[in-house]
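Single-structure report; data block below.
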Amino acid sequence: MPYKNRKDLPDRVLKPLRQVPHAQDIYMSAFNSAIEQYDGEESRAHAVAWAAVKEKYEKGNDDLWHPKD
């Protein structure tokens, strides 16, 4: 199921990305695109979405996500 807004994202996404709303937007957009492309395969869509986030952000030693330089 596609997500309509950030607050609809699952906690396993919202919690780690709580400090970076832009990363949440990237995740949501990538997930929504992938869920259509892969005929509703949620696990695959989540993997695509995390990969999209990791292109722009990285998890720091503080367990928070930060923009890549």
What pairs come up if the first residue lies in the stretch 30-45 and is on the phi < 0 side of the Ramachandran plot, the second is open to solvent by 100 Å² or more (accessible area, probe 1.4 Å), and their beta carbons are under 7 Å apart, counting only those six or more places apart or on different chains?
-> Ala34/Arg44; Tyr38/Arg44
Quick one: would you say Lys56 is free of Cβ contacts under 8 Å to residues at least 12 places away in the same chain and out of contact with any Phe, Trp or Tyr (no Cβ under 8 Å at 6 or more places or on another chain)?
-> no
Residue count for the stretch 25-69, restricted to those that are out of contact with any strand residue (DSSP E or B) (no Cβ under 8 Å at 6 or more places or on another chain), not hydrophobic (A, V, I, L, M, F, W, C) and not in a helix (DSSP H, G or I) | 8
State whether one or more residues within the stretch 27-49 are of a type in the set (A, V, I, L, M, F, W, C) and open to solvent by 40 Å² or more (accessible area, probe 1.4 Å).
-> yes
Quick one: Arg12 ticks every box in (1) touching a residue at least 40 places away in the same chain (Cβ under 8 Å); (2) in a helix (DSSP H, G or I); (3) surrounded by fewer than 18 Cβ atoms within 10 Å (Cβ to Cβ) except a single one, so which number is it?
-> (1)
Just need a number here: residues in the stretch 9-30 that are charged (D, E, K, R) and in contact with a helix residue (DSSP H, G or I) (Cβ under 8 Å, 6 or more places away or on another chain).
-> 1
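Counting just the residues of the stretch 15-24 that are in a loop (DSSP other than H, G, I, E, B) and under 11 Å from Tyr57 (Cβ atoms), which one comes out farthest from the chain's Cα centre (by Cα)?
The selected residue is Gln19.
Could you list, in sequence order, the residues of the stretch 15-26 that are of a type in the set (A, V, I, L, M) and either in contact with a Ser or Thr (Cβ under 7 Å, 6 or more places away or on another chain) or open to solvent by 30 Å² or more (accessible area, probe 1.4 Å) (or both)? Write out each step before concluding.
At the first step, the residues of the stretch 15-26 found to be of a type in the set (A, V, I, L, M) are 17, 20, 23, 26.
Scanning the stretch 15-26 gives a single hit, Ile26.
The values are calculated or read from the model by the stated rules, or taken from the named source; none is laboratory data. Predicted model, so just to flag it, every value in this text is computed and none were measured. Neighbour counts are summed over all protein chains in view; Cβ atoms, including those assigned to glycine, are modelled from backbone coordinates with ideal geometry. Accessible surface is based on the protein model in full, side chains and every heavy atom, while ligands, DNA and RNA are left aside. Shrake-Rupley method; radii C 1.70, N 1.55, O 1.52, S 1.80 Å.
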